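One structure, as structure tokens, below. Some questions next.
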Amino acid sequence: MHPVDYYETATKNCTSNFTEDEIRKIRAYYYGMCAEVDGMVGELMEQLDSSGFSNSTYVVFTSDHGDLAMEHRQFYKMSMYEGSSHVPLVITSPTHKHNNKVKQPVSLVDIFPTLMDMAGIPTPPGLNGSSLLPYLGMTSTNHERPNWVLSQYHGCNVNLSTYMLRMGDWKYIAFGNGKQVPPHLFNLAESSDELYDYAVDRLDIVSMMDTKLKTVINYPLVSQQVEMYNKQSFLEWKNSLGDKYSDTIANLRWFMDFQKDVKGNELKIQEWLDAQT
């Protein structure tokens with residue numbers, strides 16, 4: 001298992017064996033939440049129709065993240081796997097009924113310039129993202145878009161900053177400064193479940209996408225800055241707890257796996273704090 005994947009499973013208490021019944025329940029909860037959202041969106045659309053606003057209202061439906069349902073031995077979010085990072089995006093226009101399905105990857109950063117286009121507001125220079133209105137058959141002054149989509153994550157449940165670059169069917173995931181652990185490379189047309197990693201077989205694609213990623217963001221430098229911030233913040237939190245630290249760290253959200261080796265895990269934390277960033 002990839003070291004970042006293992007860390008994520010540990011912080012989500014997923015390293016133990018799951019029974020088939022437990023997996024079914026986890027997936028039932030997931031689909032239940034999807035059904036609940038679907039029902040609520042339906043109520044909203046009905047209210048728009050009954051109030052007479054449906055002919056003058058844009059509707060944008062999306063999410064800030066998905067949820068894994070035991071794919072790659074994980075649930076919850078905080079991952080670049082498709083179950084977590086690939087989210088719905090549905091836009092309806094009161095004047096253009098195209099029912100298009102867009103295969104080209106787009107990003108949540110495209111929503112802001114799209115809303116500005118809807119309101120007829122000029123897009124300021126330097127704004128990330130591109131308007132999506134042309135996909136609705138409408139004109140836009142801000143539709144120049146790159147042939148890639150970027151996502152990055154620096155929050156909890158990962159032990160290294162994570163970067164994802166999507167270009168066509170290829171999906172490249174880099175970690176930290178790019179040297180601590182191997183990257184992932186998936187071809188979503190050939191392995192939509194991301195079960196086959198091409199990072200060793202296609203070094204040419206790895207090199208091309210890593211070079212492109214570094215032109216979009218200096219991710220080794222960003223990762224270094226994030227790690228420095230994380231260490232400083234953790235030390236301040238640790239020192240604020242005093243002699244309560246050991247008991248507190250062993251009873252946080254990841255307690256089930258942490259408590260399997262409390263002293264060993266505390267030692268690993270200290271080694272991380274002492275390591276040069």
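So how many residues does the range 197-221 have that are surrounded by 11 or more Cβ atoms within 10 Å (Cβ to Cβ), of a type outside the set (A, V, I, L, M, F, W, C) and over 23 Å from the mean Cα position of the chain (by Cα)?
Our first condition is that a residue be surrounded by 11 or more Cβ atoms within 10 Å (Cβ to Cβ); within the range 197-221, this holds for 197-199, 201-203, 205-206, 208-210, 212-214, 216-221.
When the remaining residues are screened for being of a type outside the set (A, V, I, L, M, F, W, C), the result is 197-198, 201-202, 210, 212, 214, 218-220.
After this cut, where a residue has to be over 23 Å from the mean Cα position of the chain (by Cα) as well, the list is 201-202.
Of the residues in that region, 2 qualify.
Tell me, yes or no, whether the range 21-32 has at least one residue that is of a type in the set (Ser, Thr, Tyr), within 29 Å of residue 257 (Cα to Cα) and at pLDDT below 90.
Looking for residues that are of a type in the set (Ser, Thr, Tyr), within 29 Å of residue 257 (Cα to Cα) and at pLDDT below 90, one finds none in the range 21-32, hence no.
Within the range 142-155, take every residue that is touching a Ser or Thr at 6+ places or on another chain (Cβ under 7 Å) and either assigned to a loop (DSSP other than H, G, I, E, B) or of a type in the set (Phe, Trp, Tyr) (or both) and give me the one that is least open to solvent (accessible area, probe 1.4 Å).
So, considering only residues that are touching a Ser or Thr at 6+ places or on another chain (Cβ under 7 Å) and either assigned to a loop (DSSP other than H, G, I, E, B) or of a type in the set (Phe, Trp, Tyr) (or both), the one least open to solvent (accessible area, probe 1.4 Å) is 142.
Within the range 222-258, work out how many residues are loosely packed, with under 15 Cβ neighbours inside 10 Å and basic (Lys, Arg).
Of the residues in that region, 2 qualify.
A follow-up question, please. Select from the range 6-30 the residues that are more than 20 Å from residue 78 (Cα to Cα) and in a loop (DSSP other than H, G, I, E, B) and list them in ascending order.
17, 18, 19
Would you tally the residues in the range 40-58 being among the β-branched types (Val, Ile, Thr) and touching a helix residue (DSSP H, G or I) at 6+ places or on another chain (Cβ under 7 Å)?
Of the residues in the range 40-58, 1 are among the β-branched types (Val, Ile, Thr) and touching a helix residue (DSSP H, G or I) at 6+ places or on another chain (Cβ under 7 Å).
Taking the range 68-85, which residues are open to solvent by less than 40 Å² (accessible area, probe 1.4 Å), closer than 24 Å to residue 111 by Cα and in a loop (DSSP other than H, G, I, E, B)?
Within the range 68-85, 78, 79, 80, 81 qualify.
Inside the range 224-257, can you point out the residues that are at pLDDT below 90, assigned to a helix (DSSP H, G or I) and closer than 16 Å to residue 158 by Cβ?
If the condition is that a residue be at pLDDT below 90, assigned to a helix (DSSP H, G or I) and closer than 16 Å to residue 158 by Cβ, then 257 is the only one that fits.
In addition: Condition check: open to solvent by 80 Å² or more (accessible area, probe 1.4 Å), over 29 Å from residue 133 (Cβ atoms), out of contact with any Lys or Arg (no Cβ under 8 Å at 6 or more places or on another chain) and among the aliphatic types (A, V, I, L, M). Does residue 40 satisfy that?
Working: open to solvent by 80 Å² or more (accessible area, probe 1.4 Å): yes; over 29 Å from residue 133 (Cβ atoms): no; out of contact with any Lys or Arg (no Cβ under 8 Å at 6 or more places or on another chain): yes; among the aliphatic types (A, V, I, L, M): yes.
Considered against the rule, which asks whether it is open to solvent by 80 Å² or more (accessible area, probe 1.4 Å), over 29 Å from residue 133 (Cβ atoms), out of contact with any Lys or Arg (no Cβ under 8 Å at 6 or more places or on another chain) and among the aliphatic types (A, V, I, L, M), residue 40 comes out as no.
Exactly one of (1) surrounded by fewer than 18 Cβ atoms within 10 Å (Cβ to Cβ); (2) part of a loop (DSSP other than H, G, I, E, B); (3) in contact with a Gly (Cβ under 9 Å, 6 or more places away or on another chain) is unmet by residue 159. Its number?
With (1) surrounded by fewer than 18 Cβ atoms within 10 Å (Cβ to Cβ); (2) part of a loop (DSSP other than H, G, I, E, B); (3) in contact with a Gly (Cβ under 9 Å, 6 or more places away or on another chain) applied to residue 159, the lone miss is (1).
The values are calculated or read from the model by the stated rules, or taken from the named source; none is laboratory data. As the structure is a prediction and not an experimental result, all values here were calculated from the model. Using ideal geometry, Cβ is built from the backbone for each residue, glycine included, and neighbour counts are taken over all protein chains shown. Keep in mind that these areas ignore ligands, DNA and RNA; they rest on the heavy atoms of the full protein, side chains included. Shrake-Rupley method; radii C 1.70, N 1.55, O 1.52, S 1.80 Å.
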